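*Asks:* Quick one: structure below, then a few questions.
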Amino acid sequence: MGIATCPIKGLTLSSRSIDALEQMDQLVDSANQLAVAVSATPLYTIFSDPRSAKDVVYNISDYDWELYGQAMEGIPNILRHKLNQVVEPMAWSSAGKESQFWKCVHASYNK
């Protein structure tokens, strides 16, 4: 999910908008950290305390890969929901070019 450029000539962002952009940046960073943590979970589960190569093979075949896939697929949806909680109020409560900017930002990750 990428946030597109929203070029609006003469746009000056308020301090509220700048704070909202910083909050969005933190949300994206948190989602990336969550993806790393979820990605590392199978490795830890599979290789933690194996007694033999046979145990590792069993752990790999026994791991719930479907649940893992669902968890990984859910991260962008969670991020989109959290971003909407920041962006939508900004689009509603701002005016003029700033509102146009927030509507553009919203559209860029809700395609």
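What follows draws every value from the coordinates through simple rules; no lab data is involved. Everything numeric here is computed off the predicted structure, so don't read it as measured data. Cβ coordinates were reconstructed from backbone atoms using ideal geometry, including for glycine residues, and neighbour counts include every protein chain displayed.
*Asks:* Tell me the residue from Glu88, Glu66, Glu73 that is in a helix (DSSP H, G or I) and under 26 Å from Asp19 (Cβ atoms), please.
*Replies:* That would be Glu88, the only listed residue that is in a helix (DSSP H, G or I) and under 26 Å from Asp19 (Cβ atoms).
*Asks:* Within segment 94-111, how many residues are surrounded by fewer than 13 Cβ atoms within 10 Å (Cβ to Cβ) and either in contact (Cβ under 8 Å) with a residue 24 or more places away in the chain or over 19 Å from the mean Cα position of the chain (by Cα) (or both)? Walk me through how you get there before you give the answer.
*Replies:* Within segment 94-111, the subset surrounded by fewer than 13 Cβ atoms within 10 Å (Cβ to Cβ) is 95-96, 110-111.
From the residues that got through so far, the ones that are either in contact (Cβ under 8 Å) with a residue 24 or more places away in the chain or over 19 Å from the mean Cα position of the chain (by Cα) (or both) too are 95-96, 110.
Of the residues in segment 94-111, 3 are surrounded by fewer than 13 Cβ atoms within 10 Å (Cβ to Cβ) and either in contact (Cβ under 8 Å) with a residue 24 or more places away in the chain or over 19 Å from the mean Cα position of the chain (by Cα) (or both).
*Asks:* Quick check on this structure: which one of Leu27, Leu34, Leu13, Leu21 is surrounded by 14 or more Cβ atoms within 10 Å (Cβ to Cβ) and outside any helix (DSSP H, G or I)?
*Replies:* After ruling out the rest, the residue left standing is Leu13.
*Asks:* Anything in segment 61-77 that is closer than 15 Å to Ser39 by Cβ and without any contact (Cβ under 8 Å) to a residue 60 or more places away in the chain? List them, or say none. Explain how you work it out, then say what you get.
*Replies:* Taking segment 61-77 and keeping what is closer than 15 Å to Ser39 by Cβ, we get 63-65, 67-76.
Correct list: Tyr63, Asp64, Trp65, Leu67, Tyr68, Gly69, Gln70, Ala71, Met72, Glu73, Gly74, Ile75.
*Asks:* Being small (Gly, Ala, Ser) and closer than 30 Å to Pro7 by Cβ is the filter here, so list the residues in segment 58-108 that pass it.
*Replies:* Within segment 58-108, Ala91, Ser93, Ser94, Ala95, Gly96, Ser99, Ala107, Ser108 qualify.
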